[in-house]
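Report on the following structure.
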Amino acid sequence: MAAAAESDRKSSIREYYEALLIAIIFVNFARIFAFQAFKIPTGSMEDNLLTGDHILVNKFIYGPQMPVLNGLVPLREPRRGDVVVFRYPEQPQVDFVKRVVALPGETVLIRDKRVLIDGKELPEPYVLFTDERTQHPSSPFHRDHFGPYKVGAGEYFVMGDNRDNSHDSRFWGTVPRAMIKGRAFVVYWSFRLKGQPAGRLDELRMVLTDFFSNTRWGRTFFVVDREYHYGK
């Protein structure tokens, strides 16, 4: 009897261990290939994404095209209007979030804050302008006047929705397709920090202290990408 009880106990431990191992494998698979959590650190995407928004990124949507999966899962290339998370070309260990404005082979021209793609003005209902002044065309900063610039093959021209306060393709160039991680699609939590935390522990203290009062409850499950797709 004792031997049978010991065998049952070992069998139960093995089952729990196997279940835990499968769960860990599944979570890591989802994190690597399907979804990634990302925190918005700046206001460059306001008013669509706010500082302190925590979003989920669909990493699977831009996965490799496989004939066996065609029609079963929505795999595709990035489109104009997609809000994407990517590795910053000048510092690949850092992730950025911006909106795709121009696709490979297209020509971008910015004049007086207006964006033209292949000579046609791009309607941008999502854009926020915080500075009514228009930069002089001779300015070296390219904020309000840029191009014409032809996007190379396998490259994407991205810009922040907060157009007057965004460090984007106007300043450092295009994003290679291989550096795009995925498409932002939903805010799962949004928290308004009071001031600038001194470090991770200080930020954790702020969250624990003000979780209920500073959580933006109305932004929970806010859909990030509203399908602003024009043309291709």
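The values are calculated or read from the model by the stated rules, or taken from the named source; none is laboratory data. Being a predicted model, the structure only gives us computed values, none of them experimental. Neighbour counts are summed over all protein chains in view; Cβ atoms, including those assigned to glycine, are modelled from backbone coordinates with ideal geometry. Areas reflect the complete protein model, heavy atoms only, side chains present, ligands, DNA and RNA absent. Shrake-Rupley method; radii C 1.70, N 1.55, O 1.52, S 1.80 Å.
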task: Mind ranking Lys98, Lys120, Lys59, Lys39 by accessible surface for me, highest first, 1.4 Å probe?
output: Lys120, Lys39, Lys59, Lys98
task: State which entries of Lys39/Lys59; Lys59/Lys98; Lys39/Lys120; Lys98/Lys194; Lys98/Lys120 exceed 23 angstrom in Cα-Cα distance in the structure shown.
output: Lys39/Lys120; Lys98/Lys194
task: Determine how large the accessible area of Met179 is when every protein chain is in place; take a 1.4 Å probe and give Å² rounded to the nearest 10.
output: 30 Å²
- prompt: How long is the gain from Gln93 to Ser138 if the chain were fully straight, where each residue apart is worth 0.36 nm and the alpha carbon distance is subtracted?
  reply: 12.9 nm
field: Student exercise, the range 92-232 dipole from Lys, Arg, Asp, Glu Cβ charges, in Debye to nearest 20
entry: 200 debye
message: Per 0.36 nm of contour for each residue apart, how much would the distance between Arg111 and Val223 grow if the chain were fully extended, relative to their Cα-Cα spacing?
response: 37.3 nm
- request: Quote the accessible area belonging to Leu193 in square angstrom, nearest 10, computed with a 1.4 Å probe and with ligands, DNA and RNA left uncounted.
  value: 50 Å²
message: How large is the accessible surface of Thr42 in square angstrom, using a 1.4 angstrom probe and rounding to the nearest 10?
response: 70 Å²
statement: If the chain between Phe35 and Gln196 were fully extended at 0.36 nm per residue, the gain over the current Cα-Cα distance would be 55.1 nm
